[in-house]
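See structure below.
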Amino acid sequence: MSQIIYNSFDREVHPAYLTPEYKSTIYRAPQKPLVLLKQSLSELTGPVFGDFNVGPLDHDLTKNTVKNGEPIGERIIVHGKVMNENGYPVPNTLIEIWQANSAGRYVHKVDQHEAPLDPNFLGAGRCMTDSDGNYKFYTIKPGAYPWGNHYNAWRPNHIHFSLFGANITNRLVTQMYFPGDPLLDYDPVFLSVPPKGRELLICKFDLGATEPSFALGYRFDFVLRGYKQTPFETL
Amino acid sequence: MRQTPSQTVGPYFAYGLTPEQYLYDFKSLVGNEMVSPLDHDRAITIVGKVFDGQGVVISDAMIEIWQNDGQNQLFGRFGTGTDAESRFIFHTIKPASVNGQAPYLSVIIFMRGQQIHSYTRIYFSDETDLNTKDAVLSLVPEDRRDTLIAKNKGNIYEFNIYMQGENETVFFDI
Ligand SMILES: [Fe+2]
């Protein structure tokens, strides 16, 4: 008999809670040591979503909220595979995304950046991975935007991602960046990732996924926490 | 293969992850009504606030609750930006005890300024016997155990989350 134990966060690639260059972490990062928990039923399970949850256009941000035309900006395709550390695909799992429009403006009410809203672009989408762990979104390349962290602070182009995976230990919220973005060298959110992890957050241009005369393709794969099998503990 | 690194949920998650709660014109997949309170005689309400290290209430956090006692699997999600007092509110049922453990809810916390989400648990103040014997609560230093126990008035349980400070909530490495 054996039992499955999910790996912890790989601290060699994840950011620390406290990274003072990103100022909001200073009063929000937990300071006391985490308590190590033996995984039980609740940790080894998680919410299950089905295709029934996702609307037919939810994966296409260029269409899912149009009002009177097409959104402005560069159409792109973002696709890839969700796997775990053991190398197995993660099928039928929910991916949610949100992002700024091509001008670098979020629809969110607290975004005060003076760039135009796009009436045909909300910037939210979601899909389920297929039986091989693959996913695909159509969207508009997000613009860079300024923020108040420090003087002349700008966020690089990025798309926010939320993934569930096999159970609640697999939960992942992250941001995907674009290759060659000069702002990456100045962004304390991106730079809070240890050097070993940084390239894992940058998608790759993918000519194979590019649709002729329509949209550039980018590939971005996810690796969620994997597991070990250990002999069953006898009490 | 290496894990994909985590990044903060940021301040602008609402229209993507909790759109209906924040009145955006996009369907929510999940909300804070994990059960319909009218349909359940065991319905409970969980209500609380999230505080930063300066004691300021955080109005841009997102809380997720997952519970699985073998009978009911329930999931909820709520942002702290729509309530006048920046509270989170969930309607659910109290889970049953599994193998003699104290009943609990699993909680995942996301916010701007947090680069990896935090995990905690909600235990219940009216389960004193099970709480006292519980293996997980026993792992927690005694003077911090209280941070994991929601206090009830009837079927309303209050659970505040302190990111830092003397009363910092216990967060788990799961
Ligand atoms: Fe962003």
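The values are calculated or read from the model by the stated rules, or taken from the named source; none is laboratory data. Please read all numbers here as calculations on a predicted model, not as lab measurements. Cβ atoms come from the backbone with ideal geometry, glycine included; neighbour counts cover every protein chain shown. Surface accessibility is based on the protein's heavy atoms, side chains included, excluding ligands, DNA and RNA. Shrake-Rupley method; radii C 1.70, N 1.55, O 1.52, S 1.80 Å.
Numerical summary
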quantity	calculated
The range B:103-134 - residue that is small (Gly, Ala, Ser) and within 8 Å of chain A (Cβ to nearest Cβ) and, of those, farthest from A:LEU41 (Cα to Cα)	B:GLY113
Among the candidates A:LYS81, A:LYS67, A:LYS63, residue that is under 23 Å from A:GLY46 (Cα atoms) and open to solvent by 10 Å² or more (accessible area, probe 1.4 Å)	A:LYS81
So A:LYS38, is it open to solvent by 50 Å² or more (accessible area, probe 1.4 Å) and either touching a His at 6+ places or on another chain (Cβ under 6 Å) or more than 7 Å from every other protein chain (Cβ to nearest Cβ) (or both)	yes
Sole residue being facing another protein chain (nearest Cβ under 10 Å), over 13 Å from the mean Cα position of the chain (by Cα) and over 21 Å from B:SER28 (Cα atoms), chosen from A:VAL193, A:VAL107	A:VAL193
Output for the range B:21-71, where each listed residue is more than 8 Å from chain A (Cβ to nearest Cβ) and β-branched (Val, Ile, Thr)	B:VAL35, B:ILE44, B:THR45, B:ILE46, B:VAL47, B:VAL50, B:VAL57, B:ILE63, B:ILE65
Qualifying residue in the range A:180-196 (condition: under 28 Å from A:LEU37 (Cβ atoms) and without any contact (Cβ under 8 Å) to a residue 60 or more places away in the chain)	no
Selection within the range A:41-54 - in a loop (DSSP other than H, G, I, E, B) and more than 7 Å from chain B (Cβ to nearest Cβ)	A:LEU44, A:VAL48, A:GLY50, A:VAL54
Flag if A:ASP130 is in contact with a Pro (Cβ under 8 Å, 6 or more places away or on another chain), open to solvent by 40 Å² or more (accessible area, probe 1.4 Å) and in a loop (DSSP other than H, G, I, E, B)	yes
Within the range A:153-172, considering residues that are in contact with a helix residue (DSSP H, G or I) (Cβ under 9 Å, 6 or more places away or on another chain) and of a type outside the set (Phe, Trp, Tyr), the one nearest to A:PRO89 (Cα to Cα)	A:LEU163
Single residue of the range B:10-42 satisfying the filter (open to solvent by less than 20 Å² (accessible area, probe 1.4 Å) and of a type in the set (Gly, Ala, Ser)) that is farthest from the ligand (Cβ to nearest atom)	B:ALA14
Inter-residue pairs, beta-carbon under 6 Å, first closer than 23 Å to A:LEU191 by Cβ and in the range A:149-172, second part of a strand (DSSP E or B) and open to solvent by 10 Å² or more (accessible area, probe 1.4 Å), 6+ apart	A:ALA153/A:TRP147; A:TRP154/A:PRO146; A:ARG155/A:TYR145; A:ARG155/A:TRP147
Long-range neighbours under 7 Å by Cβ, at least six apart or interchain, first residue within 14 Å of A:ALA124 (Cα to Cα) within the range B:4-15, second in a loop (DSSP other than H, G, I, E, B) and within 9 Å of the ligand (Cβ to nearest atom)	B:TYR12/A:TYR106
Matching residues, the range A:1-21, being at the interface with chain B (Cβ under 7 Å from one of its Cβ atoms) and of a type in the set (Phe, Trp, Tyr)	A:PHE9, A:TYR17
Residue pairs meeting the criteria (Cβ under 7 Å; at least 6 apart or on separate chains; first within 11 Å of another protein chain (Cβ to nearest Cβ), in the range A:197-212; second charged (D, E, K, R) and surrounded by fewer than 18 Cβ atoms within 10 Å (Cβ to Cβ))	A:LEU200/B:ARG2
Whichever residue in the range A:134-174 is charged (D, E, K, R) and away from the ligand (no atom under 12 Å from the Cβ) and, among such residues, is surrounded by the most Cβ atoms within 10 Å (Cβ to Cβ)	A:ARG171
Unmet requirement for A:PHE220, which otherwise passes all of (1) more than 16 Å from the ligand (Cβ to nearest atom); (2) at pLDDT 95 or above; (3) open to solvent by less than 50 Å² (accessible area, probe 1.4 Å)	(1)
Residue satisfying all of: in the range A:70-114; among the basic types (Lys, Arg) and within 16 Å of the ligand (Cβ to nearest atom); modelled with the lowest pLDDT among these	A:LYS109
Tally, over the range A:110-121, of residues that are open to solvent by less than 90 Å² (accessible area, probe 1.4 Å) and within 12 Å of another protein chain (Cβ to nearest Cβ)	5
